[in-house]
Amino acid sequence: MSKIKIKNFGAIRNGYTENGGWLDIEKVTIFIGNQGSGKSTVAKLISTFTWIEKALVRGDYDKKWFAKKNKLQNNFLGYHRLENYFSNNTDIQTEIEYEGNAFNIKYKDNTLAISEIENKEYHLPQIMYVPAERNFISNVKNPKSLKLISSSLIEFLTEFENAKNAIKGAISLPINDVTLEYDKLNDILNIKGTDKNNHYKVRLNEASSGFQSVVPLYLVSQYLSDMVKQQENTQKSMSGEELERFKKSVAAIFENENLTDEQRSAALSVLSAKFTKTEFINIVEEPEQNLFPTSQWQMLKSLLEFNNKSNGNKLIMTTHSPYIINYLTLAVKAYNVSEKIKSITNQDIGKEKEEKEKLYKKLEKIVPLNSMVNPSEWVIYELDEKDGTIKKLENYKGLPSDDNYLNDGMNTTNDLFTTLLEIDDLCQ
């Protein structure tokens with residue numbers, strides 16, 4: 001399991017004060033907090049350092065190149081527009097440390113230090129950062145022609161185009177019982193459904209804002225999770241011994257002075273092709289964007305389903321929605337219930353099987369089996385914009401606690417309404 005430690009970067013000051021400051025990156029990891037608290041900052045740092053580790057393993061660059069002065073700030077954090085988030089106070093310096101499965105990467109005292117972790121199995125990840133700005137895509141005729149300043153948005157747009165071109169026939173969307181079709185000749189996405197027994201078809205750019213947000217997120221997440229699953233079926237991750245042989249091959253290419261830069265790049269590409277992606281790191285900003293609460297649940301179930309396709313997949317989300325947390329609780333509780341159903345025994349094997357099937361059918365109507373969350377594989381972190389701290393949401397019997405930042409906001413509304421009723425009574 002990978003983890004990250006952050007201090008004095010952007011809105012984050014002391015960061016997480018428990019577990020030695022380490023934020024564990026679980027299979028399902030959620031960040032909640034007010035605007036400007038640093039939720040997206042943490043998610044973007046996870047994206048950046050996971051990518052650096054992947055580049056090191058593949059041999060795209062060597063450790064010395066990464067460790068050059070200002071490479072992290074100018075070349076990599078600029079990808080997510082974080083290059084100006086470093087502390088300017090010489091007495092309170094930025095510290096970031098990431099521990100993956102193959103490398104430990106530490107930034108401290110304006111220096112990037114990289115060390116290898118020996119004899120560990122490594123899964124090459126497909127990393128996708130899904131930005132909050134995704135819903136604009138549906139309203140632009142030719143997004144590729146735009147001069148976008150966000151590199152992460154450009155990459156997401158590229159995968160969106162790949163996902164569109166991979167569409168065959170109609171795709172069922174998780175909300176409103178509608179389907180999506182792609183008119184490749186005219187480059188038009190159409191949404192088709194039934195409204196009061198009347199069939200309709202509208203272009204995505206004419207549909208509601210919820211569809212314009214959901215379609216890019218759903219398409220890209222489904223496409224990449226399917227791609228990784230397909231590759232996983234053909235090649236597993238490298239063992240520690242295989243990884244060492246791979247590193248030696250990379251080193252030999254770099255040390256061969258007879259190769260031009262172009263030849264060296266080609267040789268690395270051939271070598272890296274043997275190392276396919278076997279896990280999908282899906283980092284999503286605000287999955288609830290423009291969605292009704294029940295639609296948020298449908299979208300979340302889809303994201304969890306994609307996340308469960310491969311053991312190494314991870315779903316990392318930032319959210320302002322209390323519904324996302326409450327719906328995650330359903331997914332965790334459903335897992336517990338499914339385990340209880342699995343443990344049912346009966347001397348009559350036929351009756352046992354029948355009883356289990358009935359219970360599973362009832363369970364599936366609430367939470368599909370492929371969207372459930374293991375109680376030991378989730379974590380929610382709360383970020384405080386006032387003091388720049390991070391804390392982990394406690395759990396109750398493996399379930400997310402109701403005592404969290406987002407529910408507190410709802411409780412405050414209830415308290416205010418009670419006060420208004422009291423004032424109303426005084427007016428009588």
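The numbers here are math on the coordinates, done by the rules we state, and not lab data. Just so you know, these numbers come straight off a predicted model, no measurement behind them. Virtual Cβ from ideal backbone geometry, glycine too; neighbours counted across all protein chains shown.
Per DSSP H run of at least 4 residues, take -39500 (n - 2.57); add these up for the chain, divide by its residues and hand me the 222 nm value, nearest 500 deg cm²/dmol.
-13000 deg cm²/dmol
List the trypsin sites (Lys or Arg not before Pro) in the range 130-230 that DSSP assigns to loop (not H, G, I, E or B) and whose Cβ has at most 15 other Cβ atoms within 10 Å. Which are they?
Those that pass, being in a loop and sparsely packed, are Lys141, Lys147, Lys168, Lys184, Lys196.
Stretch Ser265-Ile117 to full length: gain in nm at 0.36 nm per residue minus the Cα-Cα span?
50.8 nm
Over the range 67-134, what is the mean sequence separation of C-alpha contacts under 8 Å (at least six apart), divided by residue count, expressed as relative contact order in percent?
About 23 percent, as a whole number.
What GluC sites (Glu not before Pro) does the range 324-399 have in DSSP loop regions with at most 13 other beta carbons within 10 Å?
Taking the range 324-399 and a limit of 13 other Cβ atoms within 10 Å, the loop GluC sites (Glu not before Pro) found are Glu394.
According to a simple spin-label model (label point 7 Å from Cα along Cα-to-Cβ), what is the distance in nm between Asp177 and Arg203?
2.8
At a Förster radius of 30 Å, what calculated FRET efficiency corresponds to the Cβ-Cβ distance of Gln35 and Asp91, to the nearest 0.05?
0.60
What shape does the range 1-150 take by its C-alpha gyration tensor, where a ≥ b ≥ c are the square roots of the eigenvalues and a/c under 1.5 counts as rounded, a/b above b/c as prolate, and the rest as oblate?
rounded
Rounded to the nearest 0.05, what FRET efficiency do Lys361 and Thr17 have when you use their Cβ-Cβ distance and R0 = 41 Å?
Efficiency for this residue pair is about 0.35.
At R0 = 30 Å, how high is the FRET efficiency between Thr419 and Glu385 if r is their beta carbon distance? Nearest 0.05 is fine.
Approximately 0.75, to the nearest 0.05.
Relative contact order for the chain: what is it in percent, counting Cα pairs under 8 Å that are at least 6 residues apart?
22
Using 10 Å bins from zero, what percent of all Cα-Cα pairs in the chain falls into each bin?
4, 18, 27, 26, 16, 6, 2, 0, 0, 0
How high is the relative contact order of the range 1-59, in percent, with contacts defined as C-alpha pairs under 8 Å that are six or more residues apart?
RCO, the range 1-59: 29 percent.
Give me Met317, Met1 sorted ascending by neighbouring Cβ count inside 10 Å, so fewest comes first.
Met1, Met317
To test your reading of the geometry: what angle, between 0 and 90 degrees and rounded to tens, separates the Cα axis of helix 209-234 from the longest principal axis of the chain?
50
With the chain treated as a Gaussian network of Cα nodes joined by springs under 10 Å, which of Ile344, Ile30, Ile167 yields the largest mean-square fluctuation?
Fluctuation is largest for Ile344.
Taking the chain as the reference, fit the longest principal axis to its C-alpha atoms, fit the long axis of helix 151-165 to the helix C-alpha atoms, and give the angle between the two in degrees, 0 to 90, nearest 10.
70
Take every DSSP beta bridge with both residues inside the chain and express the antiparallel ones as a percent of the total, to the nearest 5.
60
As a test of the definition: which semi-axes, in Å, follow for the range 141-222 when you take the square root of five times each eigenvalue of its alpha carbon gyration tensor? Largest first, please.
24, 13, 12
For the residues Asp62, Asp387, Asp177, what sequence is obtained by ranking on other C-beta atoms within 10 Å, fewest first?
Asp387, Asp177, Asp62
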